[in-house]
Amino acid sequence: MGILNVTPDSFSDGGLNQAPLVALRAAEIMVEEGAAIIDVGGESTRPGAKPVSLAQELDRVIPVIESISRNIDTVISVDSSSPEVMREAYRAGAGLINDVRALAREGALEAAADSQLPVCLMHMQGRPETMQDAPCYRDVVEDVRDFLEQRADACVQAGINRNQILLDPGIGFGKSIADNLSLLNNLERLVGTGFPVLVGASRKSMIGTVLNRGVDKRLYGGLSIAALAVFKGAKIIRTHDVEATTDAINMAYAITAGVNEL
Ligand code: 7PJ
């Protein structure tokens, strides 16, 4: 899954993808490099980020989804928590709803269920403005898994098909370094739920902290996480760096699958 940020304050690509044409070209390149999904997001959820208005989010995201959907044969995912954005994104051609708030906003479950699109449910503790202040868990792996299973049950109750649900531990979303490391080291426990697991650690601060690297020097650390996550059974890796990540995860997958599956 290649990341296409359409936020002006996006920390890792400097918000260079604003105009739909520039965004379209960026999506094209990611698909050529091996992305199967393009994740379009208009709300920055980096730690400390301010909320974005609905009109602003629609303005940023919908033209880009329309443009990609008309021009590129790929799955478009919409990175949003807003039911209105989900509905409009579906009309514009989105094929997956990716919600860092696990469809907890009023009306989000219904919007997702009405669309019949697959959904990615991510775990977050707290809100982006304050989530890194004092993350606290009883047992981070169990707490995250229990939360995600409860949200998956809520989805099924709302009419979403069980086999249309993906789970994501939410690396960096209300988690200490120890929490992030523990979630990755125990990823098989989330994989064991039977839902496909998505992991997004690309350029995140946990890499910066462990390796003492600035945001433009986190590729190798991210590749290590991607390969290990796939080795432990993750099915989708969300990344800014598609070509390098595709090779890393295809190599890791080959080891788990064996030569007969290549
Ligand atoms: C994630 C996401 C993630 C999913 C962001 C960033 C922050 N969606 N959206 N998983 N992260 N599913 O890319 O650093 O980890 S925005």
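The values are calculated or read from the model by the stated rules, or taken from the named source; none is laboratory data. All figures in this text were calculated on a predicted structure; none of them were measured in a lab. Glycine gets a Cβ as well: all are built from the backbone with ideal geometry, and neighbour counts include every protein chain shown. These area figures cover heavy atoms from the full protein model, side chains too; ligands, DNA and RNA do not enter into them. Shrake-Rupley method; radii C 1.70, N 1.55, O 1.52, S 1.80 Å.
Only one residue of ASN186, ALA152, ALA252 has its Cα farthest out toward the positive end of the dipole of the stretch 2-261, where Lys and Arg carry +1 and Asp and Glu -1 on Cβ, and that residue is ASN186. With contacts taken as Cα pairs under 8 Å and at least 6 residues apart, the chain reaches a relative contact order of 16 percent. Does the stretch 69-112 come out rounded, prolate or oblate, given a ≥ b ≥ c as the square roots of the eigenvalues of its C-alpha gyration tensor, rounded meaning a/c under 1.5 and, failing that, prolate meaning a/b above b/c? Prolate, since a/c reaches 1.5 and a/b exceeds b/c.
For the chain, which whole-number percentage of the solvent-accessible area (1.4 Å probe, protein heavy atoms only) is attributable to carbon and sulfur atoms? On the chain, the fraction of accessible area on carbon and sulfur atoms equals 51 percent. Only lysine pairs 8 or more places apart, or on different chains, with alpha-carbon atoms under 23 angstrom apart are counted in the chain, and they number 9. The residues of the stretch 2-261 have, on average, 46 Å² of accessible surface per residue, using a 1.4 Å probe with all protein chains present.
Loop-resident GluC sites (Glu not before Pro) (DSSP state other than H, G, I, E or B) in the stretch 48-144 with no more than 11 further Cβ atoms inside 10 Å of their Cβ: GLU106. Largest first and in whole Å, the equivalent-ellipsoid semi-axes of the stretch 49-125 read 19, 15, 11, each the square root of five times a Cα gyration tensor eigenvalue.
Shown here for the stretch 79-151: trypsin sites (Lys or Arg not before Pro) in loop regions (DSSP other than H, G, I, E, B) with at most 16 other Cβ atoms within 10 Å, namely ARG105, ARG138.
Taking the Cα centre of the stretch 101-149 as origin and assigning +1 to Lys and Arg Cβ atoms and -1 to Asp and Glu Cβ atoms, the resulting dipole is close to 120 debye. In the stretch 2-261, a dipole from Cβ-located charges (positive for Lys and Arg, negative for Asp and Glu) runs towards its positive end, and of ALA94, VAL141, LEU117 it is VAL141 whose Cα lies farthest in that direction. About its Cα centre, the dipole of the stretch 107-262 is roughly 340 debye, where the only charges are +1 on Lys and Arg Cβ and -1 on Asp and Glu Cβ.
Rounded is the label for the chain, because a/c, from the alpha-carbon gyration tensor with a ≥ b ≥ c as root eigenvalues, stays below 1.5. Mean sequence separation of contacting Cα pairs (under 8 Å, at least six apart), scaled by the length of the stretch 21-83, corresponds to a relative contact order of 46 percent.
Multiplying the residue separation of ASN260 and ASN185 by 0.36 nm and subtracting their alpha-carbon distance yields 24.2 nm.
Taking amide H positions as modeled 1.01 Å from N, with prolines and chain starts lacking one, the residues under 5 Å from ARG238 and 5 or more places away or on another chain are VAL199, GLY200, ALA201. Converting phi to 3J(HN,Hα) with the Karplus coefficients 6.51, -1.76 and 1.60 and the offset θ = phi - 60°, the stretch 189-194 yields 6, 6, 4, x, 5, x Hz in sequence order, with x at every glycine or proline. Karplus-derived 3J(HN,Hα) values for the stretch 200-205, using 6.51 cos²θ - 1.76 cosθ + 1.60 with θ = phi - 60°, are x, 10, 3, 6, 6, 5 Hz; glycine and proline are entered as x. Computed about its Cα centre, the charge dipole of the chain is approximately 400 debye, with only Lys, Arg, Asp and Glu carrying charge at their Cβ.
Farthest toward the positive end of the dipole of the chain, out of SER53, GLY222, VAL75, is the Cα of GLY222, where the dipole comes from beta carbon charges about the Cα centre.
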